[in-house]
Amino acid sequence: MKIVIATRNKNKFTELIEILKDIDCQFVFAGDYPELPEIEEDADTLLDNASKKALETAKILNLPTIADDTGFFVRGLNDEPGVKAARYAGENCSYDDNVNKLLNELNACDDRYAVFKTIAILAHPDKGIIDYAIGEMSGNIIETKRGSNGFGYDPVFIPTGYDKTYAEMNEQVKNKISHRAKAFELLKPILTKFIEEENQND
């Protein structure tokens, strides 16, 4: 069985393949399908964005599809930037633009607690949404950037229970504690059950 992973980021695809390596199916890269258009993630929730991406990809390619969406929720900023984490500082902004805006907004704020949240979802072209899983990683935002092994908000985010920023950690540690890894670990039994049922129906 083929299942599409709906990302055009080859590094992310490789990371997810490693997490899902014990699942008995062939995962394929959405970037290998030129007929697949860019799907705009314009919904107000992570679940709606991930659902849209999974369903549209599944229907266009006529294959089961996994998609995910991630947000960054800062308690002292009323959960901003939230779903709009990637474009917090505006359309076509850089990672630095987003981080700089975040730090400026937090200047007068004592509560620097934040949560990364990922929703990973499985959809079928005919059966719609099968199920989804949620992974979270909590921590606090520091005042200055540290580390280069990361992107986005990683250099200013220290996960709960650690003294290094996420951008100062090695890949082994990150893959154990990350919000995305947790979501996809929780998706694995959903995938296994789905594949078993599909194989029985063939």
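The values are calculated or read from the model by the stated rules, or taken from the named source; none is laboratory data. Just so we're clear, the structure is a prediction, and the values are computed from it rather than from any experiment. Here Cβ is always computed from backbone atoms with ideal geometry, including for glycine, and neighbour counts include all displayed protein chains.
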Legend entry - Residue under evaluation Phe116, criteria (1) buried (at least 20 other Cβ atoms within 10 Å of the Cβ); (2) without any contact (Cβ under 8 Å) to a residue 40 or more places away in the chain; (3) hydrophobic (A, V, I, L, M, F, W, C); (4) closer than 26 Å to Asp44 by Cα, criterion not met: (2)
Inset, instruction - Identify, from the list Gly139, Gly135, the residue that is surrounded by 17 or more Cβ atoms within 10 Å (Cβ to Cβ) and under 17 Å from Asp69 (Cβ atoms). - result: Gly135
Inset, instruction - Given the conditions (1) farther than 22 Å from Thr165 by Cα; (2) touching a Pro at 6+ places or on another chain (Cβ under 7 Å); (3) surrounded by 15 or more Cβ atoms within 10 Å (Cβ to Cβ), report the number of the one that Asn62 does not fulfil. - result: (3)
Inset, instruction - Filter the stretch 162-202 for residues that are among the hydrophobic types (A, V, I, L, M, F, W, C) and either exposed (fewer than 11 other Cβ atoms within 10 Å of the Cβ) or within 20 Å of the chain's Cα centre (by Cα) (or both) and give the result. - result: Ala167, Met169, Val173, Ile177, Ala181, Ala183, Phe184, Leu186, Leu187, Ile190, Leu191
Legend entry - Which numbered condition Pro155 fails, given (1) surrounded by fewer than 21 Cβ atoms within 10 Å (Cβ to Cβ); (2) in a helix (DSSP H, G or I); (3) in contact with a Phe, Trp or Tyr (Cβ under 8 Å, 6 or more places away or on another chain); (4) not acidic (Asp, Glu): (1)
Inset, instruction - Please determine, by comparing only the residues of the stretch 144-161 that are under 18 Å from the mean Cα position of the chain (by Cα) and of a type in the set (Gly, Ala, Ser), which one is modelled with the lowest pLDDT. - result: Gly150
Inset, instruction - Determine the pairs where a residue that is more than 19 Å from Gly82 (Cα to Cα), located within the stretch 144-173, has a partner that is basic (Lys, Arg) with Cβ atoms under 6 Å apart, the partner being 6 or more residues away or on another chain. - result: Thr165/Arg146; Glu168/Arg146
